[in-house]
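The structure under discussion appears below in the form of structure tokens.
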Amino acid sequence: MSRTVLAADFGGTHLRAAVVDEAGGILQRSDHATPASTPQNVAATVVDLLAEVARAASPQPSAVCIATAGLINADQGKVILAPNIPGFRNLVLTTPVAERLGIPAFIENDASAAALGEFRFGAGRGTRHLLHATLGTGIGGGIVIDGRLYRGASGLAGEIGHIILNPAGPKCNCGSRGCLEAMVSGVAFAQRAKKILEQRKSPVLHEIVGYGEPTAAHLHAAAAKGDALCEAEIRHGGHLLGLGLGSLVNVLNPDAVTLSGGLLAMGDMLIGPMREAMYSLAYGPAAGTLLRTSTLGEDAGLLGAAAVAFERLDG
Ligand SMILES: [Zn+2]
């Protein structure tokens with residue numbers, strides 16, 4: 001019988017867990033709301049839920065991996081900082097999980113895990129070197145080199161949202177100015193939409209947003225209805241994204257760049273200018289780099305965690 005692992009996708013609102021086989025088949029899954037509680041209670045709940053899923057699994061999974069957003073030192077099993085879970089700092093999550101479940105436990109940054117998930121099960125299959133970008137509320141990424149996840153010296157590698165595109169640009173959460181994430185992300189697009197509303201420059205956007213808070217989806221909806229200013233914002237964002245990815249392609253020379261995340265819903269309005277800018281920077285053979293969209297959909301987080309668990313098991 002083929003090996004299985006227990007994969008967990010641990011976010012600010014949900015904890016999803018599943019038993020996954022070596023072909024990326026999801027055998028059973030569970031989905032719980034992340035409790036709003038102290039970090040110790042949240043950690044205890046995570047351990048309880050994973051133990052429950054593992055107990056119901058037959059055969060026993062060979063390992064467990066938790067993928068979560070934030071600064072993760074995977075080799076130490078430590079969450080250094082988790083922006084979506086208040087108070088989660090310098091917390092070793094793998095030890096209590098391993099003790100309770102009696103199997104090896106690992107943790108990984110969610111975007112890094114997503115990269116390995118695409119490499120093993122998704123749009124990155126058949127490549128040797130892969131750059132994966134997650135385009136959502138924030139911008140994340142992961143790097144696979146010679147078929148293995150590249151974590152860097154302390155787990156930070158792949159933070160592609162924090163390359164600088166404009167030193168005089170808007171302030172970023174990381175402390176710098178003009179980072180890719182501060183200029184093109186779900187949050188950045190929502191801020192641009194807010195600015196457009198404040199300046200009363202788009203009646204279409206105003207009608208779509210009403211009295212609520214503007215979002216990136218509102219900006220796209222207005223653009224799709226023909227608002228030229230909103231469309232220009234998205235196209236400019238795509239252009240900047242392409243400059244960032246194109247620069248990284250020249251550094252890393254991957255076989256392919258894969259993309260996932262909610263911003264892909266903006267379609268060609270974002271991806272067209274992105275593709276054009278990325279290839280316009282290509283130095284020599286970088287022009288042959290493939291560009292692909294994730295094929296893993298909703299399960300990308302779980303399959304990423306599973307891919308990390310299998311890689312760790314195989315040492
Ligand atoms: Zn930054």
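The values are calculated or read from the model by the stated rules, or taken from the named source; none is laboratory data. If you're wondering where the values come from, they're calculated on a predicted model, not measured in any experiment. A quick note on method: Cβ atoms are made from the backbone with ideal geometry, for glycine too, and the neighbour counts reach across all protein chains shown. Calculation scope for accessible area: heavy atoms of the full protein, side chains included, ligands and nucleic acids excluded. Shrake-Rupley method; radii C 1.70, N 1.55, O 1.52, S 1.80 Å.
With the requirement that a residue be small (Gly, Ala, Ser), within 24 Å of Gly284 (Cβ to Cβ) and in a helix (DSSP H, G or I), what does region 245-265 give you? Can you show your working first?
Quick first cut of region 245-265, residues small (Gly, Ala, Ser) only: 246-247, 256, 260-262, 265.
When the remaining residues are screened for being within 24 Å of Gly284 (Cβ to Cβ), the result is 246-247, 256.
Within region 245-265, Gly246, Ser247 qualify.
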Inside region 127-159, can you point out the residues that are under 21 Å from Gly267 (Cβ atoms) and among the β-branched types (Val, Ile, Thr)? Thr134, Thr137, Ile139
Looking at the structure I just gave you, is Pro273 buried (at least 17 other Cβ atoms within 10 Å of the Cβ), over 18 Å from the mean Cα position of the chain (by Cα) and not in a helix (DSSP H, G or I)? no
When region 289-315 is checked residue by residue, the ones that are at pLDDT below 95, part of a helix (DSSP H, G or I) and farther than 13 Å from Phe121 by Cβ are Glu298
Determine whether region 15-35 contains at least one residue that is without any contact (Cβ under 8 Å) to a residue 60 or more places away in the chain and under 18 Å from the mean Cα position of the chain (by Cα). yes
Among (1) within 16 Å of the ligand (Cβ to nearest atom); (2) at pLDDT below 95; (3) in contact with a strand residue (DSSP E or B) (Cβ under 6 Å, 6 or more places away or on another chain), the one test that Gly155 misses: (1)
With respect to the numbered conditions (1) within 16 Å of the ligand (Cβ to nearest atom); (2) closer than 17 Å to Ile234 by Cα; (3) modelled with pLDDT of 95 or more, which one is the sole condition not fulfilled by Thr137? (3)
Please go through region 95-150 and give me each residue that is of a type in the set (D, E, K, R) and assigned to a helix (DSSP H, G or I), ordered by number. Glu99, Arg100, Asp110, Glu118, Arg120
Got a sec? Which of Leu219, Leu291, Leu270 is under 19 Å from Ala111 (Cα atoms) and either assigned by TED's automatic domain parsing to the domain that holds Gly178 or of a type in the set (Phe, Trp, Tyr) (or both)? Leu291
Find all pairs meeting these conditions: Cβ atoms under 7 angstrom apart; at least six residues apart or on different chains; first residue within region 284-305 and in contact (Cβ under 8 Å) with a residue 40 or more places away in the chain; second residue open to solvent by less than 40 Å² (accessible area, probe 1.4 Å) and of a type in the set (Phe, Trp, Tyr). Leu296/Phe121; Leu303/Phe121
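Residue-by-condition table, conditions (1) surrounded by 13 or more Cβ atoms within 10 Å (Cβ to Cβ); (2) at pLDDT below 95; (3) in contact with a helix residue (DSSP H, G or I) (Cβ under 7 Å, 6 or more places away or on another chain):
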| site | (1), (2), (3) |
| --- | --- |
| Leu27 | no, yes, no |
| Ala44 | yes, yes, no |
| Ala57 | yes, yes, no |
| Cys65 | yes, no, yes |
| Ala69 | yes, yes, yes |
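Taking Leu149, is it within 21 Å of Leu263 (Cα to Cα), in contact with a helix residue (DSSP H, G or I) (Cβ under 7 Å, 6 or more places away or on another chain) and either touching a residue at least 40 places away in the same chain (Cβ under 8 Å) or of a type in the set (Val, Ile, Thr) (or both)? Walk me through it before giving the result.
Values: within 21 Å of Leu263 (Cα to Cα): no; in contact with a helix residue (DSSP H, G or I) (Cβ under 7 Å, 6 or more places away or on another chain): yes; either touching a residue at least 40 places away in the same chain (Cβ under 8 Å) or of a type in the set (Val, Ile, Thr) (or both): yes.
No.
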Please enumerate the residues belonging to region 171-191 that are open to solvent by 60 Å² or more (accessible area, probe 1.4 Å) and either more than 8 Å from the ligand (Cβ to nearest atom) or within 25 Å of Met269 (Cβ to Cβ) (or both). Lys171, Arg177, Val187, Gln191
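To keep it simple, each residue is scored yes or no on (1) open to solvent by 20 Å² or more (accessible area, probe 1.4 Å); (2) in the same structural domain as Thr258 (by TED's automatic domain parsing).
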{"position": "Gln60", "(1), (2)": "yes, no"}
{"position": "Pro86", "(1), (2)": "yes, no"}
{"position": "Arg89", "(1), (2)": "yes, no"}
{"position": "Ala111", "(1), (2)": "no, no"}
{"position": "His129", "(1), (2)": "yes, yes"}
{"position": "His132", "(1), (2)": "no, yes"}
